[in-house]
Every structure is written in C-alpha cells, then in structure tokens.
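Notes follow the structure.
The values are calculated or read from the model by the stated rules, or taken from the named source; none is laboratory data. Only a predicted model underlies this, so the values are computations on that prediction, with no experimental measurement involved. Cβ atoms come from the backbone with ideal geometry, glycine included; neighbour counts cover every protein chain shown.
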Amino acid sequence: MPLGRLAIFRTLVYLYVVIDVLWLQTSGWYHGYADPIWYEPLRLGQLLHLPAATVVLVQTLKWGSVAAALVAATGRLPRLAGTVVAVCWIWYMYVAYAYGKVDHDRGDFVVALLLLPTVGSAYWRDRRLSEAAGFVLRAAQLAAIATYFLSAWAKVRFGGWEWVNSATMARAVVRRGTPWVKWLLDVPELLHLTQWGLFVAEMSSPLIFVVPEKWRRRMVMGWFAFHAVTYASITIAFWPHLVMMLAFLPLETYADRFRSWWLTRRSGRVGVVAGEVAAGEAAAGERMPEAAADGGVR
C-alpha cells in the first residue's frame, strides 16, 4: 500500500494517543495511589512480572506516552519514538485495567502500536508502494474486524442466546440511555430486533474483505454511523477502535482532495484580492486627469 496512507494513519494513531491519555482514559494515573493489595496482575503482568503501580511509574508512563507520541506523529524517529509509545501506552493501559474491568475496544489499537515502528520513514505525499506499509495496515484491518466478530462470538459464548433474546438493549437504555431514546422502552420489540441486527452485523463483519472496494468503504461508513448512533443513544464509544477502522480508507486520496480544495480556495482568495487591487488602481488612474485639470495632483 502507499507509504503516504501509512504515514497519515500513523499520525492519526499517535495524535489519538495524546488525546486518550490526557482526556479519555485517565484512570491509570490515580491507580498509582492505590494500595498494592488491590492489584491483580493480568496475564500480561503475570508473564512479564509487572509490579503494582506507583505514582512515579504512572506519571512516567503517562507523560512518556504523550511526549513520544508527539514526536512520532511528526514522522521523526519513527522506530525509536514509536517503540517508546507502544511500551508506555500499553503499560499505562495495563495499569488502568489491572484494578477493574478490561475494555475490548483497545486490542486492535495495541496491534497497531506494536507494528507501526516496523515501518521506517514515510511521508504524507509519498505514493510509493510498500509491503511493510501494507502489512501494518492489513494487520490493523484484521484486528479491527476481529473485534467485531469475536465480540459477537463472546455474546453467545458467555451470555448464551439469551443475549439476543432477552432485554439486553432495554437494560442498556435504562442504565445509560440519553433522553431522546427513552421512548424505545415502550417499544421492546424494536430493541429486540436491534439486538439481532447488531449480532448479525458483527458476525458478518469479515465479509468486508471479499466485497469490492466501493462497498468496503460503504461498510466502514456504516460502522461509523452505527457507533455515532450508539454514542448518541447510550453514550458508549469505542474511540481507539474507530481510529483502527481508518486503515480501510484511502487516506492519501482524501488528503490530496483536501489539499486541492484548499489550494483552489486560497488561489480564489488571492484572485479576488488581486482584482480589488487592480480595480482600485484603475479607479485612481481615471481620477488623475481630473486632478491635472485642477492644476496638478494634490
């Protein structure tokens, strides 16, 4: 795939790291103050013998993620800065989830952070094809779709078919529903159909790899629309996962279109200013003979 697509995707990933650490996923920092007795190592911690969080550790991981991500987002030191981001962010997220539930919307983001440093220099306007870029983007795509498919599988694996045949959505609306969807509680049949629709959509998500490119983009837009509705309905958003779904889109094409639009708009403004200046000069030239008739230019 084009290196430019990878470069844009990489910039968006690292900018999201900054937003995530500073504004979205902030629970990691205060776990440094928690009593170590509450620390239960996850599998990663058991494998790597990771210690309980401390204030110094979480602050180092937090600001290390931010600093390295800002450097990596510019395309500088892609391997070194990218590796630092991967280590700090993954460890910081580990701290956030070692004291409670583990969200499943960050698994694909972990894959991207681990693989992005394998690609060296890449710039937004670089249209050369690269196997390394293709490997990273394809891995991000596979991980993103696996998030959907395995989520559906987990629903029936752990919850059984009652997940789609009970009041799952009704419970979500009661607990987290926004005012504009409360009326759905009076239409339980619609909520029941929504559960089945979501389950079928997640189970069929791998079809995105066999449909034509035009339909692949439409499917991605459909998933974005679904997440927008979900957030507006029950205020649940899978932010890092949405970033991963961008791996399906021709980001370099969108960047070229935006650049062309901006240059056209800018040149239009320059043309308008130049026309105004020319009109002013012409008007001044027309007034000069009149001034000469009065005995000279004042």
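With respect to Ser121, determine if the residue is surrounded by fewer than 17 Cβ atoms within 10 Å (Cβ to Cβ), polar (S, T, N, Q), over 30 Å from Ala52 (Cα atoms) and over 17 Å from the mean Cα position of the chain (by Cα).
Against the criterion (surrounded by fewer than 17 Cβ atoms within 10 Å (Cβ to Cβ), polar (S, T, N, Q), over 30 Å from Ala52 (Cα atoms) and over 17 Å from the mean Cα position of the chain (by Cα)), Ser121 qualifies.
Name every residue in segment 98-127 that is charged (D, E, K, R) and part of a helix (DSSP H, G or I), in order of residue number.
Correct list: Asp105, Arg106, Asp108.
Criterion first (among the hydroxyl-bearing types (Ser, Thr, Tyr), modelled with pLDDT under 95, over 20 Å from the mean Cα position of the chain (by Cα) and surrounded by 13 or more Cβ atoms within 10 Å (Cβ to Cβ)) does Thr194 satisfy it?
yes
Among the listed residues Ala247, Ala201, Ala228, Ala237, which satisfies the condition of being without any contact (Cβ under 8 Å) to a residue 40 or more places away in the chain and within 20 Å of Gly107 (Cβ to Cβ)?
Exactly one of Ala247, Ala201, Ala228, Ala237 is without any contact (Cβ under 8 Å) to a residue 40 or more places away in the chain and within 20 Å of Gly107 (Cβ to Cβ), namely Ala237.
Condition first: part of a loop (DSSP other than H, G, I, E, B), without any contact (Cβ under 8 Å) to a residue 24 or more places away in the chain, over 22 Å from Asp105 (Cα atoms) and more than 20 Å from the chain's Cα centre (by Cα). Can you find one or more residues in segment 16-33 that meet it?
Checking segment 16-33: not a single residue is part of a loop (DSSP other than H, G, I, E, B), without any contact (Cβ under 8 Å) to a residue 24 or more places away in the chain, over 22 Å from Asp105 (Cα atoms) and more than 20 Å from the chain's Cα centre (by Cα).
How many residues does segment 42-59 hold that are out of contact with any helix residue (DSSP H, G or I) (no Cβ under 7 Å at 6 or more places or on another chain) and at pLDDT below 90?
Qualifying residue count for the region: 1.
Quick one: count up the residues across segment 40-57 that are surrounded by 17 or more Cβ atoms within 10 Å (Cβ to Cβ) and of a type outside the set (Gly, Ala, Ser).
Number satisfying all stated conditions: 2.
Somewhere in segment 133-141, is a residue farther than 18 Å from Glu202 by Cβ, modelled with pLDDT under 95 and of a type in the set (D, E, K, R)?
no
Scanning segment 65-103 for residues that are out of contact with any Leu (no Cβ under 8 Å at 6 or more places or on another chain), of a type outside the set (A, V, I, L, M, F, W, C) and within 18 Å of Pro240 (Cβ to Cβ), which turns out modelled with the lowest pLDDT?
Result: Lys101.
Considering Ala146, Ala172, which residue is in a helix (DSSP H, G or I) and within 20 Å of the chain's Cα centre (by Cα)?
Just one listed residue meets the conditions, Ala146.
Can you tell me which residues in segment 37-51 are under 13 Å from Tyr94 (Cα atoms), of a type in the set (A, V, I, L, M, F, W, C) and touching a residue at least 24 places away in the same chain (Cβ under 8 Å)?
Once the filter is applied, which keeps residues that are under 13 Å from Tyr94 (Cα atoms), of a type in the set (A, V, I, L, M, F, W, C) and touching a residue at least 24 places away in the same chain (Cβ under 8 Å), segment 37-51 yields Leu42, Leu44, Leu50.
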